[in-house]
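One structure, pasted below without further comment.
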């Protein structure tokens, strides 16, 4: 189906190619895409797009313009990702099936901070202790977010994939310019940038960091690992330059 044949009132998603063909006046598809965008502007067609599409359009236009004006070649690889879902783990076999991995903890207090927990401790009056405080003092299970569960899952048991890790934002770019000397000789200058925007990305929570009863208690001088999303999982911006002479 051609763009002109799309019926009035149709709902659709506009991708990067349509915008680029219209903006660059593509010799084959430019006019049809421009007319299609006019129909959208006149509300004959209901259309949506995304920030990812707009980002791709801006990047491609910058590449085209830089090459046209300065002779530079620009390329980039973008990695933008929302947080990956993960499941908190109980750390002990609550249902007696011989497995600890699939077992999930119970929720103590949804209003409590996400990085608070309580593990079973028969020595405590409350029956629970706080492994994230030095010495593992006793704690009221109604004051923490997660508590180590026992028995079969119930209405208070945490759901699967109920938590999300931080997202990822990374852009690698390269800039290159070639200067010719006659027909057989040329000089190429290239710059590669990794994490060009110098974004800070935080890693997914490790197994011990999402397990209620990890079998350890915080010691003096240690950093709390449980539900700690501030663990840096990225490198700072780095650049590499290259000069190549071909003859």
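Values quoted throughout were computed directly from the atomic coordinates according to the rules given, and no laboratory measurement underlies them. Keep in mind that this is a model prediction, so the values were computed, not measured. Because the Cβ atoms are built from the backbone with ideal geometry, glycine has one as well, and the counts that use them run over all protein chains shown.
For the peptides 124-134, 189-199, what is the packing order when you average, over each peptide's residues, the other Cβ atoms within 10 Å and list the highest mean first?
124-134, 189-199
Going by alpha carbons, how many degrees (0 to 90, nearest 10) lie between the helix axis of 30-41 and the longest principal axis of the chain?
50
Rounded, prolate or oblate: which fits the range 99-143 when a ≥ b ≥ c are the square roots of the eigenvalues of the alpha-carbon gyration tensor, with rounded for a/c under 1.5 and prolate only if a/b beats b/c?
Here the range 99-143 falls in the oblate category.
Restricting to the chain, compute how many DSSP beta bridges are antiparallel as a %, nearest 5.
That works out to approximately 85 percent antiparallel.
Further question: How would you classify the chain from its alpha-carbon gyration tensor, with a ≥ b ≥ c the square roots of the eigenvalues: rounded for a/c under 1.5, else prolate if a/b is greater than b/c, otherwise oblate?
Verdict is oblate for the chain.
Something else about it: Report the residues of the range 138-181 in range of a label on residue 95: point 7 Å along Cα→C-beta, backbone N strictly under 14 Å from it.
So the set is 149-160.
Please find the FRET efficiency linking residue 87 to residue 138, where r is the Cβ-Cβ separation and R0 is fixed at 30 Å, and quote it to the nearest 0.05.
0.65
With label points built 7 Å along Cα→Cβ from the Cα atoms of residue 177 and residue 41, find their separation and express it in nm.
My value for the distance between the label points is 3.6 nm.
Please order 59, 145 by the number of other Cβ within 10 Å, starting at the fewest.
Least crowded to most crowded, the residues run 59, 145.
Taking only C-alpha pairs under 8 Å that are 6+ residues apart, what is the relative contact order of the range 54-204 in percent?
Taking the mean separation of contacting Cα pairs over the length of the range 54-204, I get 27 percent.
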